[in-house]
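Everything on this sheet refers to the single structure shown next.
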Amino acid sequence: MTTIHPPVEAPASTPDAAPRPPRARRRHRESGADRAFTIVVTATLLCAILVILYPLYFVVVASVSEPSAILNGDVWLWPRGLTFEGYARILSDPGILRGFANSVLYTVVGTAVSVATILCGAYALSRRDLFGRTFFMLLFVITMFIDGGLIARYLVVQELGMLNTMWAVVLPGAVGVWNLIIARTFFESNVPDELRDAAQLDGANDFRFFWRIVLPLSKPLIALMVMIHLVANWNAFFDALIFLDDENKYPLQLVLRNILIQSEVSASGGAGAVDSYAAAQRMGELMKYGMIVISTIPLLIALPFMQKHFTKGALLGAVKS
C-alpha cells in the first residue's frame, strides 16, 4: 500500500528576512554663508602663518646674502650673492662658542631648578593639611604685585655673594608665581586625598608618594613647565647683563645683543683680523643674522617634541573643578 505524503509548502518569508533597501546617506549641504566663513577663516590663518614665518625665513636668507644687497632692498625671497662667511666666522670664534655653551648651561640648570622648585612647592601648597597654607600662598601672590625693584634685587644678589656667578642668572627668577599657581591647581584637581590615603596604608611616606605616584601622574604638567622655562631661560639676557661682569660668562643672547649694537663679534677684539672698517661692518652684518639663526635652532628642535603636552598640561592646571 502506497502512502501518499502531502506536498510540503515552502515557508512563508518573514518581514525580517526580506532584503532592506540601502539607506540614503544624508549629505550636509553647506550654505553660502558657511562657505564664505570657511574661506575667510582659512585666508586669515594663511595670512597669520605668512606674517609669522616670513621674518624667520628672511633672517635665514639674509644670513647667506651679501649685506649690500640687503641694505639695497634686493633680498626679499631668494638670497643674493650667496656666501657662508658669517657662519664660518661664527663657528670659528671662541667667544661665540663660549656664549653658546654658557646658554646651554644656564638653560639646563635654570630649567631643572625652576621645575623642581615649582613642583615641590606647588604640591606642598596643594595639601589641605599644610599648616599656614593660605598664609604662604598669600606671600607668593603678593610678589606678583609688589616688587622691590632692580636696586633691591641687585643688593640682595650682592649680599648673597652671587655676583658674577651662574647662580645670579639662575636663582633670582627661578620661581614664577603664575606657574606655581597652575601647578598647585593641577595637583588639587588630579591627585585626590584618597590616593594618598591608599598609599599610606601600603606603607608609603610623603616623599615616596610624591616621587613614585604624584610625579608619574603629572607628566603633562612637567612637560608644560619644562617648555615654559626652557624658552624663558634660553632667551634671557637681562639678569646676565646686570649681574655678570666677566665676558667669558656671557650667555649667547648677550653676545648677540653686543653684535646687534656694535656690529662686531665682541669687545675682546674678535673683529681685529678684519682689514678695513667697511669689511668689519660687512662681517658684522653677516654674523648678526647668522647668530639669530643659530640661537633659534635649539628651540625649533626641542619644542615640537613637547608641543603635544602643552595644551593638555595648561588646561588641566588652569581650571579648578
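Given the conditions (1) open to solvent by 50 Å² or more (accessible area, probe 1.4 Å); (2) in contact with a Leu (Cβ under 9 Å, 6 or more places away or on another chain); (3) within 17 Å of Leu119 (Cα to Cα), report the number of the one that Trp167 does not fulfil. Answer for Trp167: the failing condition is (3). Among all residues of region 246-261, there is none that is modelled with pLDDT under 75 and not in a helix (DSSP H, G or I).
Against the condition under 30 Å from Gln253 (Cβ atoms) and open to solvent by less than 40 Å² (accessible area, probe 1.4 Å), how does Val156 come out, does it pass? No.
Only residues that are open to solvent by 60 Å² or more (accessible area, probe 1.4 Å), outside any helix (DSSP H, G or I) and free of Cβ contacts under 8 Å to residues at least 24 places away in the same chain were counted in region 85-129, giving 1.
Scanning region 55-71 for residues that are closer than 16 Å to Ala279 by Cβ and either under 26 Å from the mean Cα position of the chain (by Cα) or of a type in the set (Asp, Glu) (or both) yields one hit, Glu66. The single residue among Ile52, Ile70 that is in a helix (DSSP H, G or I), of a type outside the set (S, T, N, Q) and modelled with pLDDT under 85 turns out to be Ile70.
Residue check: Gly269 meets all listed conditions (1) open to solvent by 40 Å² or more (accessible area, probe 1.4 Å); (2) at pLDDT below 70; (3) at negative phi; (4) not charged (D, E, K, R) but one, namely (3).
The values are calculated or read from the model by the stated rules, or taken from the named source; none is laboratory data. This one's a predicted model, so the numbers in the text were calculated from it and none came from an experiment. Every residue, glycine as well, gets a Cβ built from its backbone with ideal geometry; the counts of neighbours run over all protein chains shown. Please note that ligands, DNA and RNA were not included when accessible areas were found on the heavy atoms of the full protein model with its side chains. Shrake-Rupley method; radii C 1.70, N 1.55, O 1.52, S 1.80 Å.
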